[in-house]
């Protein structure tokens, strides 16, 4: 996959005190997967956030990437759900199924 950087034109009004930040797509150039449009929902702590993380790990087919986060492998991310695994068991299960966990 070859990505080209599109020409970007930014109008600047020199009579005004304004600034412009442009971030080029360097972080997706040469990536393993083609960039796709996506949405996100910020989740900050709490039951909904941990449940969403659990569900995302459960659905992972290729990799689970955890960065800059501390947790106990014995933690349950879905409380009150007797069918859920603790996070350590869930990650081990995904790794056993060939999902890269790191």
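Derivation of every value follows stated rules applied to the coordinates shown; laboratory data play no part. Computed from a prediction, not measured in an experiment: that's the story for all the values here. Positions of Cβ are backbone-derived with ideal geometry, glycine not excepted, and every protein chain shown enters the neighbour counts.
Do you know which of the residues in region 29-71 that are in contact with a strand residue (DSSP E or B) (Cβ under 9 Å, 6 or more places away or on another chain) and assigned to a helix (DSSP H, G or I) is farthest from residue 102 (Cα to Cα)? The residue in question is 50. The set of residues in region 63-75 that are closer than 16 Å to residue 94 by Cα and surrounded by 10 or more Cβ atoms within 10 Å (Cβ to Cβ) comprises 63, 64, 66, 73. Among the residues making up region 76-102, those that are loosely packed, with under 12 Cβ neighbours inside 10 Å and part of a loop (DSSP other than H, G, I, E, B) are 79, 80, 81, 82, 83, 97, 98, 102.
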